[in-house]
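Here's the structure we're looking at; comments come further down.
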Amino acid sequence: MSKLGDLGAKLYRGEVGYDFVGKRFLWYGVSILITITAIVGLAVQGLNMGIEFKGGAVFTTPKTSVSVARATEEAKKASGHEAIVQQLGTGGLRIQISGLDTDDAAGVKKQLAGDLKVKEGDINADLVGPSWGEQIAAKAWTGLAVFMVLVVIYLAIAFEWRMAVAALVALIHDLTITVGIYALVGFEVTPGTVIGLLTILGYSLYDTVVVFDGLKEQSKDITKQTRYTFSEIANRSINGTLVRSINTTVVALLPVAALLFIGGGFLGAGMLNDISLSLFVGLAAGAYSSIFIATPLVVDLKEREPAMKALRKRVLAKRASAAAKGESEAGDGAYEGTDQPQIVAQGRAGRRR
């Protein structure tokens, strides 16, 4: 068995692990700091909305010898607006002009044909009116709101309302960070970006549900025993799925990184940036939030219950009694590097309830 696989097996059995829940306030602080940075970036920089949201025109030319820099200058002169020019694999140019009135598009197209030395009929023009962009934005917000509501309803039914609240907070956390990164980097926001955001929210939810499912299974009839507190069982759930979460995240990030850094950066296919950046940042944030935010938040909510408070008192009282007698409740296999006693595999030989 590989070292990573062996580590995963030990984490699953509770033989080793890390005290994620015990250090949850550290993770909360890190998340708050990152979120504040994202919000400040969004407030100061704002989002670079694409023409699909604020209207404009996209002109696609046939192969031309005119450079991107010159085409950008000529497009700005012809339209009176800022222009974004990208060179296509065919040798042609994609000229995007935001805020251009559709009534003026014909004149701009004619002038571009002369400046770029191509036939006017060979230039393809896609026009987007501001009202259409507003409709797209409204539908995007509606889709996001419906998604969030359905997530809360599903988790409240499948698990409990505390897990639904924790998952919702984690999703908002991921969304805020991703949008803030877009503002700081200045990448254009397009419908592809919205698709990427919805995709990473689904991925983040999947990762969170995997941990929640393990927590639900291990905390069944928890009040009938006096060996472990709810926070310790939650910590075991995180450690038990840790290697799988890392593996799935890395595997998902590799092709997205290729799109972002090789396709969008090295090869200059800028149109890939709008979706690849949201996927890359969102996947990483989703894996982080499922481990460091969602489950610890469930612990904070759950341990407010009288039953969980009473359980903690019984567990600590039993451990204090055992310590006074020179016995060890944690025994072999306690989590290394933690201050609180940790969970060991259920049903191991020599264990007693």
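The values are calculated or read from the model by the stated rules, or taken from the named source; none is laboratory data. Predicted, not measured: the structure shown is a model, and the values here were computed from it. Counting neighbours? That spans all protein chains shown, and the Cβs are built from the backbone with ideal geometry, glycine included. Note: areas computed on protein heavy atoms with side chains; ligands, DNA, RNA excluded. Shrake-Rupley method; radii C 1.70, N 1.55, O 1.52, S 1.80 Å.
Just one of the listed residues (L311, L254, L260) is over 24 Å from E217 (Cα atoms), hydrophobic (A, V, I, L, M, F, W, C) and either open to solvent by less than 30 Å² (accessible area, probe 1.4 Å) or modelled with pLDDT of 90 or more (or both), and it is L260. State whether the residues of the range 23-38 include one that is within 30 Å of Y228 (Cβ to Cβ), modelled with pLDDT of 60 or more and not in a helix (DSSP H, G or I). Checking the range 23-38: at least one residue is within 30 Å of Y228 (Cβ to Cβ), modelled with pLDDT of 60 or more and not in a helix (DSSP H, G or I). When the criteria are applied in full, A323 meets the requirement of being more than 30 Å from L205 (Cβ to Cβ), of a type outside the set (D, E, K, R) and either modelled with pLDDT under 85 or not in a loop (DSSP other than H, G, I, E, B) (or both). For the range 219-246, taking the residues that are in a helix (DSSP H, G or I) and free of Cβ contacts under 8 Å to residues at least 60 places away in the same chain, the one that is farthest from T199 (Cα to Cα) is identified as K224. I'm checking my understanding of the structure. Among residues of the range 172-217 that are more than 17 Å from the chain's Cα centre (by Cα) and free of Cβ contacts under 8 Å to residues at least 60 places away in the same chain, which one is least open to solvent (accessible area, probe 1.4 Å)? Only one residue fits best here, namely G214.
Say whether the condition of being open to solvent by 20 Å² or more (accessible area, probe 1.4 Å), under 30 Å from H173 (Cβ atoms) and polar (S, T, N, Q) is met by at least one residue in the range 55-75. No, the range 55-75 has no match at all.
Just checking, does the range 202-216 include any residue being more than 12 Å from T295 (Cα to Cα), of a type in the set (S, T, N, Q) and in a loop (DSSP other than H, G, I, E, B)? Checking the range 202-216: not a single residue is more than 12 Å from T295 (Cα to Cα), of a type in the set (S, T, N, Q) and in a loop (DSSP other than H, G, I, E, B).
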